[in-house]
Structure formats: structure tokens, C-alpha cells
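Structure first, commentary second.
The values are calculated or read from the model by the stated rules, or taken from the named source; none is laboratory data. Every value quoted in this text rests on a predicted model; they were computed, and no experiment measured them. Quick reminder, even Gly has a Cβ in these numbers, built from the backbone with ideal geometry, and neighbours come from all protein chains shown.
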Amino acid sequence: MNASTTPTAPPATPRAAPRFADELIRPFSAVTIAAITLVQLVERPPAKFDGLVWVLTLVVIAACVTPALPWLVLPEKHLRVLLLTTAIAGPVLAVFAPHTVAIAFAYVNSAVAGERLASRRAAFAVAVVTTAVAVVAALWLPPALHLDAGPPWWTSFTVGLPLSIGLGRQDRAKAVAMAEYAAGESRRAAALEERGRIAREIHDVLGHALSGITMQLDMAEALQSAGRADEANKAVRRARALAASGMGETRRAVHALREDTLPLPETIVRMAEAAGARCEVRGEMGTLRVETTQTVIRTAQEAITNAHRHAPGGAVRLLLELGDETVRLVVADSGPADDAVPGSAAGSGMGLVGMRERAGLAGGTLYAGPDGEHGWVVRLELPR
């Protein structure tokens with residue numbers, strides 16, 4: 001099996017198509033929080049541990065902003081390290097710099113963990129660590145180090161809540177990615193089906209004609225070598241007739257492919273009118289498989305052609321029955337029913353054998369034979 005027909009596996013880590021919220025809002029929020037924190041620290045420097053606070057601030061900004069960039073692909077282990085760094089340093093920074101918005105880093109960190117970590121266990125661990133560190137830092141560090149009161153104590157219990165937002169966004173991204181994958185596979189299957197259908201058309205239309213032409217030309221060469229020029233010329237003329245018939249069949253095949261855009265009943269009615277035949281349609285169109293539609297069209301074309309070829313001047317009748325589970329086509333003519341099999345003569349592009357092969361490929365059956373004392377009938381039955 002070549003690469004063009006090998007099914008593609010679903011994405012291991014589905015990602016949604018880029019959207020405004022995914023590409024801008026999250027990194028914009030992280031950068032905005034970082035900028036506001038820096039401005040607040042410049043305007044109101046920390047009273048204690050000035051150098052430590054600035055180092056902690058830069059570490060938190062780097063660790064928080066980097067995972068927030070959706071276009072930056074990081075290995076899972078590196079992503080976990082950055083998120084855990086923010087989970088520990090973010091709440092501590094909020095206590096050392098109580099007059100800043102540094103606590104917001106913890107909220108952003110929890111949301112990013114839920115959205116970007118492939119393991120939900122790891123994402124929950126980040127949220128738990130963030131909450132635990134925030135609670136301990138808020139309740140223990142101020143009295144122990146004689147610092148000003150940090151953010152309200154109850155905020156420490158909420159820093160892990162944005163995890164649910166991140167998980168929801170990840171689930172949505174996976175659903176969108178899988179839907180896009182399924183749609184792509186559906187289009188791929190339809191394309192392969194169409195390629196197979198066109199391949200059958202080429203085989204049915206050109207295969208028989210080219211095989212017949214080759215045989216006639218080989219016969220003509222052999223007869224010419226044997227000095228039987230008259231018979232050789234007849235073989236060449238038969239080859240020419242086969243070529244002309246093949247060209248006509250090719251035009252019919254192209255027409256049939258184009259007719260797929262029309263409903264099947266309308267296509268059959270137009271075909272009958274063009275051939276001067278009567279046509280009756282019973283049942284509702286509904287949804288039909290492409291194979292069923294194409295097989296009915298090609299069989300009707302071949303049956304009408306054979307009827308005119310073997311029973312010239314006879315009346316031709318078409319009946320298309322669209323049942324709940326099956327589609328049935330009957331093409332009958334009023335000509336004499338002789339022993340010749342319609343479609344077996346030279347010049348037939350599809351022939352009775354080709355019609356039966358096509359019906360079998362579509363999961364149906366085809367009967368062709370005498371219709372009473374006079375005439376010939378072709379009956380095709382296919383599943384919907």
C-alpha cells in the first residue's frame with residue numbers, strides 16, 4: 001500500500017485551529033500582569049528583601065509567561081518544571097510584594113496547566129501545589145518574617161480554580177481536532193471512492209475496446225504476413241469500428257459522471273427521452289450511494305444501446321423503482337428475442353459481462369435474457 005492510500009492516524013495530542021482567544025488573550029494576560037507588577041514594584045519598592053523580591057519577580061515572570069505562549073511547543077517535562085516553578089514562587093512573591101497584582105500569576109498558572117498539560121494528574125498536581133503554597137505563604141510568612149499582610153487569606157483557596165477553565169479549553173480543543181480529523185477522513189474516503197469509480201469507468205469503457213482493437217490489429221498483421229490482404233483489411237476496418245465505438249462509450253461515460261449532479265430519476269428520464277424510449281419512475285429518491293447511482297446510469301445506457309443495436313425500430317421501455325431498501329431498473333424492448341446476447345457483439349464498450357461485474361461490485365444482481373416470445377429484458381436490482 002502506498003503513502004497515498006495509507007490511512008492517517010488521529011492526532012496524538014489534538015489541538016484546535018488557531019483562534020483569537022488561543023493566540024492572543026492568554027499571553028496578553030500574562031504579559032499584562034507582568035508589566036503591572038514591575039510598574040508597581042518600581043513605584044513602591046518592597047520594604048524588606050528588596051533584592052530577593054526582584055529576583056523572584058523575574059523568575060516568576062519568565063516561568064509564567066513562557067508556557068502561556070500557545071505557539072511555543074515545549075516538551076512535557078520542561079512545561080511541568082515551569083508550571084511548578086510558578087506554582088511555588090508565584091504565591092510567595094504575592095506575600096513579599098503585597099501591594100502588587102503578583103497573586104494573579106498563580107491564577108494564570110493554574111489555567112495554563114489545565115490547558116497545556118497532557119496528563120490531567122499532572123495538571124491537578126500543579127493546582128494543588130499552587131493552592132497549598134498560597135495557603136502556607138499567606139498564613140505563615142507575614143508573621144514569621146514580620147511582613148505586611150499579603151492578599152486576603154481566602155484568595156489562597158481560589159488560586160487553583162482556573163484549572164477547570166484550562167481543562168475545559170483542552171477538551172474543546174480535542175473535540176474540534178477530532179471533528180476536523182473525522183471530516184478529513186470522510187473527505188479522503190469520498191475521494192478514494194470517486195477514484196475507484198472513475199477507474200471502473202475507464203476499465204469498462206476503454207478496456208474492452210482497446211483489447212478488441214489489439215486483437216483485430218494482431219489478426220490483421222498475421223493475415224497480411226500470410227498474403228491474405230483482403231481479410232487483413234477487414235480486420236483493420238473492424239479495429240476502426242471498435243475505436244469509434246470506444247470513443248462514443250467514453251463520451252457517454254463522461255456524460256454519466258457529470259449527470260451525478262442531477263437526481264437519478266431525472267437522469268434516467270432524460271436518457272430515455274434522448275433515446276426515444278418510454279420511462280416510468282416509481283418511489284421516492286431519498287439518499288442513494290454513489291455506486292448505486294452510477295451503476296444504474298451505466299446499465300441503462302448500455303441496455304438502451306443494445307436494444308437499438310439488436311432490435312432496431314422496436315419500442316424500448318424503462319422502469320425505475322426506488323424502494324425503501326432496493327433500487328430496481330428494468331429495460332425492455334419489443335424486438336425479436338434471438339440467441340444473440342446483447343452486448344456481446346463487437347463495438348460494445350461495456351457488454352453484458354461488464355454490466356454483471358458492475359452490478360456485483362455494487363452488491364446487486366443483473367439478469368439479461370428473453371422477455372417472453374418477443375423482446376429482450378435487462379433487470380438490475382441494487383441495495384440502496
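Among the listed residues Ala232, Ala277, which satisfies the condition of being surrounded by 17 or more Cβ atoms within 10 Å (Cβ to Cβ), touching a strand residue (DSSP E or B) at 6+ places or on another chain (Cβ under 7 Å) and among the aliphatic types (A, V, I, L, M)?
Ala277
How many residues does the range 54-83 contain that are more than 25 Å from Ala173 (Cβ to Cβ) and crowded, with 21+ Cβ neighbours inside 10 Å?
3
Looking for something in the same structural domain as Gly364 (by TED's automatic domain parsing), of a type in the set (A, V, I, L, M), modelled with pLDDT of 75 or more and outside any strand (DSSP E or B) - is there at least one such residue anywhere in the range 279-287?
There is at least one residue in the range 279-287 that is in the same structural domain as Gly364 (by TED's automatic domain parsing), of a type in the set (A, V, I, L, M), modelled with pLDDT of 75 or more and outside any strand (DSSP E or B).
Considering every residue within the range 181-200, establish whether at least one is out of contact with any His (no Cβ under 7 Å at 6 or more places or on another chain), surrounded by 15 or more Cβ atoms within 10 Å (Cβ to Cβ) and of a type in the set (A, V, I, L, M, F, W, C).
Looking for residues that are out of contact with any His (no Cβ under 7 Å at 6 or more places or on another chain), surrounded by 15 or more Cβ atoms within 10 Å (Cβ to Cβ) and of a type in the set (A, V, I, L, M, F, W, C), one finds none in the range 181-200, hence no.
Mind checking which pairs have a first residue in the range 299-327 that is part of a helix (DSSP H, G or I) and a second that is charged (D, E, K, R), Cβ under 6 Å, 6 or more apart or different chains?
Matching pairs, first to second residue: Gln301/Arg252; Ala307/Asp333.
Could you tell me which numbered condition Glu23 fails, if it satisfies all but one of (1) outside any loop (DSSP other than H, G, I, E, B); (2) at pLDDT below 85; (3) surrounded by 15 or more Cβ atoms within 10 Å (Cβ to Cβ)?
(3)
Give the residues of the range 43-60 that are under 14 Å from Leu147 (Cα atoms) and either assigned to a loop (DSSP other than H, G, I, E, B) or of a type in the set (S, T, N, Q) (or both), sorted by residue number.
Pro45, Pro46, Ala47, Lys48, Phe49
Residue under question is Val205, and the condition is that it be touching a Lys or Arg at 6+ places or on another chain (Cβ under 9 Å) and at pLDDT below 70; does it hold?
yes
Please indicate, with yes or no, whether at least one residue in the range 183-199 is free of Cβ contacts under 8 Å to residues at least 24 places away in the same chain and over 18 Å from the mean Cα position of the chain (by Cα).
For the range 183-199, residues free of Cβ contacts under 8 Å to residues at least 24 places away in the same chain and over 18 Å from the mean Cα position of the chain (by Cα): present.
Scan (1) more than 21 Å from the chain's Cα centre (by Cα); (2) farther than 25 Å from Glu357 by Cβ for the single condition Met215 breaks and write down its number.
Of everything listed in (1) more than 21 Å from the chain's Cα centre (by Cα); (2) farther than 25 Å from Glu357 by Cβ, Met215 misses just condition (2).
Is there a residue in the range 166-173 that is acidic (Asp, Glu) and without any contact (Cβ under 8 Å) to a residue 12 or more places away in the chain?
yes
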